[in-house]
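Student: So that we are looking at the same thing, I have put the structure below in structure tokens.
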């Protein structure tokens, strides 16, 4: 038995579209009910459960007479508009059979990348759990743009797991584990456990599931596992029919072991839940100061600025080859910085006033990548 699983009290479970729908795109009531049965049993056992569920777009295809997942954004959003109500209604009925109430939480990228929204999302999820409800999280696909093209809610699930300080993340799909290659082809072997990055050497993580309904593949699930384990959360990757065994600690699927120490929530948020609005190019001395000596970034060490951002936005700090070495919250607007580059804070303060003696990125607002 997997002790990391059996001792987990707060669990985030993510399920993909292809595990919830029929071949023609409609919701499969039997699959939804089966998942609800498993999660309700976990709730009855005293565990807190958060469900991250894909399927809104897929569920809306059949009612609208759309034969396959559309490519254009407007049709995707229309399908999501129809399908999201069907999806949450089906879940509400399935969990009601066990006396449980569900709460719908629709998120966009801003809700997990902007700090104030991030806190609001946490408070909502925490209150739902305190009230004994099962939060059901999905991306708000009716208004999302880039989010719709993202990997099938896998990264969202990892961020939600960190947001609620979960003890376990379970990723359910239509593939029963991580394999060294496409499991439909000869020669692919199952990866039972991942303890370090070296265990993924030689693993091909292309898509291996049912095409045409979902958008994710193994690559997004492995990346989600990296994010969650980096926050100290173990991850089990398996298929939806194995959900009960996975939550019971049986050796099904692939177990990604957690790292030994959790970073601070603030630095984790900065590294994984933000998208950079620009880039600051550093000279070699500044790279050494930021990376090796963990110093704040000053104007003197910046050679160029890319992007449009305002004070407080996340930006990437890149070395002379353009590779990101850190991410931080910038203290100046993009339009202010070019006039400050290469100059000492003392000179700037003397010429422009004491307000210009501050760091461009303070070390407390900076995380190494």
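Student: Pairs only if they're at least six apart or on different chains, beta carbon under 6 angstrom, first in segment 1-14 and over 16 Å from residue 253 (Cβ atoms), second buried (at least 18 other Cβ atoms within 10 Å of the Cβ); list them, first residue then second.
Tutor: Listed by first residue and then by second, the contacts come to 9/167; 10/48; 10/166; 10/167.
Student: While we're looking at this one, here's another question. Hey, any hits in segment 193-215 for a residue that's part of a loop (DSSP other than H, G, I, E, B) and modelled with pLDDT of 85 or more?
Tutor: yes
Student: Still on this structure: Tell me, yes or no, whether segment 302-311 has at least one residue that is within 16 Å of residue 362 (Cα to Cα) and buried (at least 16 other Cβ atoms within 10 Å of the Cβ).
Tutor: yes
Student: Any residue that is without any contact (Cβ under 8 Å) to a residue 60 or more places away in the chain, over 30 Å from residue 179 (Cα atoms) and crowded, with 18+ Cβ neighbours inside 10 Å - is there at least one of those in segment 260-272?
Tutor: no
Student: For segment 150-168, which residues satisfy the criterion of being outside any helix (DSSP H, G or I), more than 20 Å from residue 127 (Cα to Cα) and in contact with a strand residue (DSSP E or B) (Cβ under 8 Å, 6 or more places away or on another chain)?
Tutor: Keep residues of segment 150-168 that are outside any helix (DSSP H, G or I), which gives 150-153, 164-168.
Those left that are additionally more than 20 Å from residue 127 (Cα to Cα): 150-153.
150, 153, listed by residue number.
Student: Going through segment 231-248 one residue at a time, which ones are under 16 Å from the mean Cα position of the chain (by Cα) and surrounded by fewer than 18 Cβ atoms within 10 Å (Cβ to Cβ)?
Tutor: Across segment 231-248, the qualifying residue is only 232.
Student: When you check residue 333 against the structure, is it within 27 Å of residue 223 (Cα to Cα) and not assigned by TED's automatic domain parsing to the domain that holds residue 163, yes or no? First the steps, then the outcome.
Tutor: Working: within 27 Å of residue 223 (Cα to Cα): no; not assigned by TED's automatic domain parsing to the domain that holds residue 163: yes.
No: the conditions fail for residue 333.
Student: Could you list all residues from segment 4-17 that are in a helix (DSSP H, G or I) and modelled with pLDDT under 95?
Tutor: 4, 17
Student: Would it be correct to say that residue 30 is without any contact (Cβ under 8 Å) to a residue 24 or more places away in the chain and in a helix (DSSP H, G or I)? Break it down stepwise before answering.
Tutor: On the way: without any contact (Cβ under 8 Å) to a residue 24 or more places away in the chain: yes; in a helix (DSSP H, G or I): yes.
Taking the combined requirement at face value, the residue satisfies it.
Student: I would also like to ask the following. Mind telling me which of the residues 327, 262 ends up being in the same structural domain as residue 230 (by TED's automatic domain parsing) and closer than 24 Å to residue 118 by Cα? Full working, then the answer.
Tutor: Numbers: 327 fails: in the same structural domain as residue 230 (by TED's automatic domain parsing).
From the options 327, 262, the qualifying one is 262.
Student: How about segment 225-324: which helices (runs of 4 or more DSSP H) wholly inside it have at least 3 residues that are touching a strand residue (DSSP E or B) at 6+ places or on another chain (Cβ under 9 Å) and within 30 Å of residue 13 (Cβ to Cβ)?
Tutor: Working: elements: 243-248, 265-272, 284-287.
By residue number, 243-248, 265-272.
Student: Would you point out the residue of segment 33-63, among those that are in a loop (DSSP other than H, G, I, E, B) and in contact (Cβ under 8 Å) with a residue 24 or more places away in the chain, that is surrounded by the most Cβ atoms within 10 Å (Cβ to Cβ)?
Tutor: 55
Student: Follow-up. In this structure, is residue 251 surrounded by fewer than 20 Cβ atoms within 10 Å (Cβ to Cβ) and assigned by TED's automatic domain parsing to the domain that holds residue 43?
Tutor: Yes: the conditions hold for residue 251.
The values are calculated or read from the model by the stated rules, or taken from the named source; none is laboratory data. Not measured: the values here are computed from a predicted model. Cβ atoms come from the backbone with ideal geometry, glycine included; neighbour counts cover every protein chain shown.
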